[in-house]
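What follows is a short report on a single structure.
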Amino acid sequence: MSFSINRNDRLNVFVEDLTHDGSGVAKVDGYPLFIPGALPGEEVEIQVGKTLKNYGFARLLNVTKASPHRVEPPCHVFWECGGCQMQHLSYEGQLVQKRKTVRDVMDRIGKLPHVPVHPVKGMEDPWRYRNKSQIPFSEQDGKVVSGFYKSRTHHIVDTDVCIIQSEEADELMSTLKHEMHAIGLEAYDDKTHRGMLRHLIVRKGRATGELMVVLVTRKKKFPQKDAVIDLIKRVAPEVTSIMQNVNDQKTNVIFGNETNLLYGKPIIVDSIGNIDFEISARSFYQVNPIQTEVLYGQALEYAQLRGNETVIDAYCGIGTISLFLAQKAKEVYGVEIVPEAIKDAKRNAELNGITNAKFETGAAEVVIPKWYAAGKRFDVLVVDPPRKGCDEELLKTILEYKPKRVVYVSCNPGTLARDLRILEDGGYRTQEIQPVDMFPQSSHVECVALMELE
Ligand code: SAH
């Protein structure tokens, strides 16, 4: 660095870019400064904060020339809460930004500049879309607080309303917070490891209206149990399932090992397209049901099934993608590491009268090589891994046995680009990438990529 930038310097800068977590980026003589709240195309006044060797941070003081895409964030806690990163950007602007994020990593990490990245498929109404909320509760100065965590902290930003979750979740979150002391129930305090209620989880089947409430408590037995069940039924008379999960550990992990039924059924039902799904408390289920249909439709289109294929659905969860594929394929083999999810998957196949989908519990990187070693062969492989991407062993297995088509569903464009590069080097060609906006207002973007063997 030939010039020097120091903490507390005040500067006027032009914002060139936006990071994946929603900070504006300005370069001062080539030195990048990250400015939360600033948008590309803006001229802003900033105060320099922490500076490191290769980059630094700055605070936004004033927007001198605003982006045409800047909007007033509709949520009153947007600037503190870490749940959303992009409410200050118009929805159209968010979609443009997300496509650019994918394009950038495909060029930089995937070395795939020629691969088309299509415009992001977005939502008509990008609010109140979440079918699941996981809401932490805590005690602060003798008062219950609940809401969502401030970005990168364990500090709860207290709120009664979250406009990306369901209205039922708002009602339950706020009523429980304001009335739980009256029935003698205390929120968990992570500093003293005392109190009872740690998390409230609300899950809704969009197509059926069924509602599940999960209370994560520090102990199994608590004297306010019946009173809390009554309160929940009063606030949400449509509730069909109340569950308890017990977590007695000093940990940030939400769930403990024990899950009990308190009221109703231990599952709720939802449907996507023409398929019904039973979902239990701990199973993974996509959080945006409207866009899930778009996402699975895209995966199915890329799979190009004609009816005689044998297909793998790796990281299958409760078998959602598998059952879609099964309607168009000869056979589908789903694999998933969480045993409860596989139980759900098998039950869901049965529930829908689907007999050509088989499911196995285990790590994809262990089970799939085993299938191949036993002589099974597959035409198409669909993968939908968690954020860290596919396990190396799984990629090796793909390159060893070379199914002719791979459809990669990904919630993390960075690891997607890394894995596509590995498969490209082994003989696959990425045909196209379709981003889908599963998480409006946040900086996350989901993609479906189609790869064919050369
Ligand atoms: N395709 C499903 C689930 C995708 S989420 C859906 O759309 O609903 C990713 C899933 O991968 C989770 O259910 C997670 O439990 C599972 N998982 C994580 N690591 C795994 C591994 N090594 N092998 C198999 N499944 C794994």
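Points worth noting:
- Computed lengthening from Glu45 to Gln249, 0.36 nm per intervening residue step minus Cα-Cα distance: 68.9 nm
- Between region 229-271 and region 120-141, the alpha-carbon center distance in angstrom: 18
- With both labels modelled 7 Å from their Cα along Cα-to-Cβ, the Ala227 to Ser271 distance reads 4.2 nm.
- Sites Glu392 and Glu258, calculated FRET efficiency, Cβ-Cβ separation with R0 25 Å, nearest 0.05: 0.15
- Listed residue (Gly49, Ala26, Val13) projecting farthest to the positive dipole end of region 10-65, Cβ model: Gly49
- Where both bridge residues fall in the chain, DSSP classifies roughly 70% of the beta bridges as antiparallel.
- FRET efficiency, 1/(1 + (r/R0)^6) with R0 60 Å, evaluated for Thr355 and Asn12 via beta carbons: 0.35
- Diffusion coefficient, µm² s⁻¹, Stokes-Einstein with Kirkwood Rh over alpha-carbon pairs of the chain at 25 °C and 0.890 mPa s: 103
- Counting DSSP beta bridges with both ends in region 132-272, the antiparallel % (nearest 5): 75
- Efficiency of FRET from Cβ geometry, Lys343 and Thr310, R₀ 30 Å, rounded to 0.05: 0.80
- Stretch gain in nm, segment Arg128-Lys220, where the contour uses 0.36 nm per residue and the Cα spacing is subtracted: 29.9 nm
- Region 364-395 and region 157-220: distance between their alpha carbon centers, rounded to Å: 38
- Pairwise Cα inverse-distance average, inverted: Kirkwood Rh of region 86-146 (Å): 15.1
- Once exposed loop chymotrypsin sites (Phe, Trp or Tyr not before Pro) are cut out (DSSP; at most 13 other Cβ, 10 Å), longest piece of the chain: 80-454
- Out-of-range pairs (alpha-carbon distance over 25 Å; input Lys177/Lys219; Lys343/Lys404; Lys265/Lys370): Lys343/Lys404; Lys265/Lys370
- From the C-alpha gyration tensor of region 10-65, square roots of 5λ in Å: 15, 12, 10
- By the rule of a C-alpha distance below 16 Å, with chain neighbours fewer than 8 residues away ignored, the aspartates and glutamates paired with Lys346 are Asp270, Asp276, Glu278, Asp313, Glu331, Glu336, Glu360.
- Model label zone, His178; criterion: amide N under 20 Å from point 7 Å along Cα-to-beta-carbon; scope region 134-152: 135-148
- Relative counts (whole %) of C-alpha pair distances in region 348-454, using bins that are 5 Å wide: 2, 11, 20, 22, 18, 15, 8, 3, 0, 0
- Region 207-335 - Rg (one decimal) and Dmax (whole number), Cα, Å: 18.2, 58
- Largest to smallest principal axis extent of the C-alpha atoms in region 132-272, angstrom: 41, 32, 28
- Cβ crowding within 10 Å, taken as a proxy for footprinting-reagent exposure, orders Leu325, Leu172, Leu351 from fewest neighbours to most as Leu351, Leu172, Leu325.
- The modelled label-to-label distance between Asp141 and Glu72, using points 7 Å beyond Cα along the C-beta direction, is 2.8 nm.
- Near Glu42, the amide H atoms lying under 5 Å from its own belong to Val15; only residues 5 or more places off or on other chains count, and H is placed 1.01 Å from N.
Bear in mind these aren't lab numbers, they're just calculated from the coordinates by the rules spelled out. What you see is a predicted model; the values in this text were computed from it and never measured. Cβ coordinates were reconstructed from backbone atoms using ideal geometry, including for glycine residues, and neighbour counts include every protein chain displayed.
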